[in-house]
Amino acid sequence: MNILLLGSGGREHALARKISSSALCTCLYIAPGNPGTAQHGSNINISVNDFEAIKNFCLLESIGMVVVGPEDPLVNGIYDFFMQDESLQPIHVIGPSKQAALLEGSKAFAKEFMIRHQIPTAAYREFTKDNFGEGIEYLQQHTLPIVLKADGLAAGKGVVIAESHEEAITNFTEMLQQQKFGEASSKVVVEEFLTGIECSVFVLTDGKNYKILPTAKDYKRIGEGDKGLNTGGMGAVSPVPFADDAFMQKVEEEIIMPTIKGIQKDGLEYKGFVFIGLIKVGDDPFVIEYNCRMGDPETEVVMPRLESDLVESLAALKNQELNRFDCLHSDKHAATVMLVSKGYPEDYEKGKVIYGADEIKDSIVFHAGTKIQDEVLQTNGGRVIAITTLANSLQEALQTSKQNAERIQFEGKYYRKDIGWEFV
Ligand code: AMP
Ligand code: GLY
């Protein structure tokens, strides 16, 4: 089967590496891809949201499966676009329908889903311009801190944790009255703050059956000690030591099963990855968010630990036959450390020459924001390279990734040296 993978980050490099290792994959194409994905297939210069160009390419190259990396095309309805076009219907799109992708695309939709299906999550209220005044009153009497979330996609920036009522009211007003996040903040979810430790659970579902992929924890803040601005993710570990069998049993019974049943009951079309952001409060899991895709950099530790054939499982989604396949996890520990550009997550420069990336032997070098220009590997984004190591212990995996983080050089390189700090 010929496969088209959409996206261009470290997540897509990790997916490309896994997909291309399958005997079921004949030709792998990545749109638009990066120099890392090009090691495993052919990059094609098509944007992930250009559905017409994707259609033409799929028909031209007899694509049998489209794997969607980022959320944008899913929230924009790429699944429905394929289903509604007779010539594209035989092509299997991995991901939810536009309606089901609202689990990520609308925080209010996700909260209503969780309440309807009794899935543990923080208590909340939602507000628009129409009940703005009521919202202000609600905020004034709310216990601190207060979590404010723009309803729509806001490139990972739409969540504010306000430490004072003033800060909450200012942000609430900016979101609703000044469109701080554009259309995405025309509705705001105000949520109770949960205290605990976070982790991510990834599930593959055909809408009826599910398989649980390895757990992961990412490190979102730019600074060591989890301080400073939020980023796309500075590193990740898998498995998550505190997500032991007892905790995962609760997660499966209280969250995963009701989520999959809820998808069925609500008649949502969902054949793809569900990324469940969890927080462990005491011994109990609560859902912080759903995403309708894999995480980045979590994929860079999850895929290397997945021993089963991913393409076989993905192919089983179409006819809801996922129950026939195993999902085997490696006993090894994986850690990834992200090398980022100076200034990230704010303004940064691109085009810095990268040295040493080809010389790493004991880690996997996943390209995120890189490009080849004038035959030279250069930086091309905030997050540049994820260095993943598989080892017998988390400590060893982290140590090797950090050693290799020193070996790869580019001007302004920064990385967190404390990934996994609470576990070693
Ligand atoms: P989200 O974009 O929903 O993942 O939120 C971004 C981050 O905000 C999460 O990773 C959490 O660290 C934090 N967060 C979101 N909701 C809550 C909550 N109800 N309580 C505590 N922290 C939260
Ligand atoms: N690392 C978090 C995300 O992919 O949303």
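Please treat every number below as a calculation from the coordinates, not as lab data. Everything numeric in this text was worked out from a predicted model, so none of it was measured. Quick reminder, even Gly has a Cβ in these numbers, built from the backbone with ideal geometry, and neighbours come from all protein chains shown.
Got a sec? Charge dipole of the chain, +1 on Cβ for Lys and Arg, -1 for Asp and Glu; which of GLN84, HIS117, LEU15 is way out at the positive end?
Looking along the dipole axis, the top candidate is LEU15.
Give, in nm to one decimal, the length gained when the segment between LYS220 and LYS350 is fully stretched (0.36 nm per residue of separation minus the Cα-Cα distance).
Length gained between LYS220 and LYS350: 44.7 nm.
Determine the distance separating the Cα centre of the range 245-280 from the Cα centre of the range 96-149; give it in Å without decimals.
One Cα centre to the other: 19 Å.
Long-range amide H contacts for ILE197: which residues qualify at under 5 Å (H placed 1.01 Å from N, peptide plane, sequence gap of 5 or more or a different chain)?
LYS280
Where the convex hull is taken over the Cα atoms of the range 265-359, what is its projected area averaged over directions, in nm²?
Values: hull surface 43.9 nm².
Dividing the Cα hull surface by four gives the mean projection, 11.0 nm².
When every alpha-carbon pair in the range 141-224 is counted, what percent end up more than 14 Å apart?
Working: 2459 of 3486 pairs.
Counting pairs separated by more than 14 Å, the tail of P(r) holds 71 percent.
What is the Cα centroid distance between the range 1-46 and the range 157-183, reported in whole angstrom?
Comparing the Cα centres of the range 1-46 and the range 157-183, I get a distance of 38 Å.
How far apart, in nm, are the 7 Å Cα→Cβ label points at THR26 and ASP85?
The two pseudo-label positions are separated by 2.0 nm.
Report the per residue volume, in Å³, of the convex hull enclosing the C-alpha atoms of the range 239-286. Kindly include the intermediate steps, with their values, before the conclusion.
Working: hull volume 4.0 nm³, N = 48.
Each residue corresponds to 82 Å³ of Cα convex hull volume.
Taking θ = phi - 60°, what integer Hz values does the Karplus form 6.51 cos²θ - 1.76 cosθ + 1.60 yield along the range 285-294, in sequence order, with x for Gly and Pro?
x, 10, 8, 8, 6, 10, 10, 9, 7, 7
Residue by residue through the range 341-347, what is 3J(HN,Hα) from phi via Karplus (6.51 cos²θ - 1.76 cosθ + 1.60, θ = phi - 60°)? Round to whole Hz and write x for glycine and proline.
Once θ is set to phi - 60°, the couplings for the range 341-347 become 7, 4, x, 4, x, 8, 4 Hz.
Dipole size in debye (nearest 20) for the range 320-398 around its Cα centre, Lys and Arg Cβ +1, Asp and Glu Cβ -1? Intermediate values should be presented prior to the final figure.
Numbers: 8 positive and 12 negative charges, 26 e Å.
Once rounded to the nearest 20, the dipole reads 120 debye.
Under a 5 Å amide H to amide H cut-off, with H placed in plane at 1.01 Å, what residues pair with LYS352 once short-range neighbours are removed?
Here the answer is THR379, since their amide H atoms fall under 5 Å of that of LYS352.
How would you rank SER20, SER42, SER185, going from fewest to most other Cβ atoms within 10 Å of each one's own Cβ? Walk me through the numbers on the way to the answer.
Working: SER20 18, SER42 13, SER185 24.
Sorted ascending by nearby Cβ count, the order is SER42, SER20, SER185.
Given H placed 1.01 Å from N in the peptide plane, which residues other than close sequence neighbours of HIS92 have an amide H under 5 Å from its amide H?
MET65, VAL66
Kindly list the residues of the range 82-124 that lie in the label zone of LYS157, defined by a backbone N under 19 Å from the point 7 Å along the Cα-to-C-beta vector.
Hits in the range 82-124 for LYS157 at 19 Å: 105-107.
Got a sec to turn the phi values of the range 226-236 into Karplus ³J(HN,Hα) couplings, 6.51 cos²θ - 1.76 cosθ + 1.60 with θ = phi - 60°, whole Hz, x for Gly and Pro?
The phi angles translate into 6, 10, x, 5, 6, 10, x, x, 9, x, 7 Hz.
Per residue, what volume in Å³ does the convex hull of the Cα atoms of the chain enclose?
Numbers: hull volume 59.9 nm³, N = 424.
Spread over its residues, the Cα hull of the chain gives 141 Å³ apiece.
Across 5 Å bins from 0, what is the distribution of all Cα-Cα pair distances for the range 135-276, in whole percents?
All Cα pairs, binned at 5 Å, distribute as 2, 9, 14, 15, 16, 18, 14, 10, 2, 0 percent.
About its Cα centre, how strong a charge dipole does the chain have in debye, to the nearest 20, once Lys and Arg get +1 and Asp and Glu get -1 at the Cβ? Please report the intermediate quantities before stating the final value.
Details: 41 positive and 60 negative charges, 91 e Å.
The calculation lands at about 440 debye.
Which percent of Cα pairs goes in each bin when the distances of the range 58-102 are cut into 10 angstrom slices starting at zero?
Values per bin, smallest distances first: 31, 55, 13, 0.
Which residues in the range 96-137 have a backbone N closer than 18 Å to a point placed 7 Å from the Cα of THR173 along the Cα-to-Cβ line?
127-137
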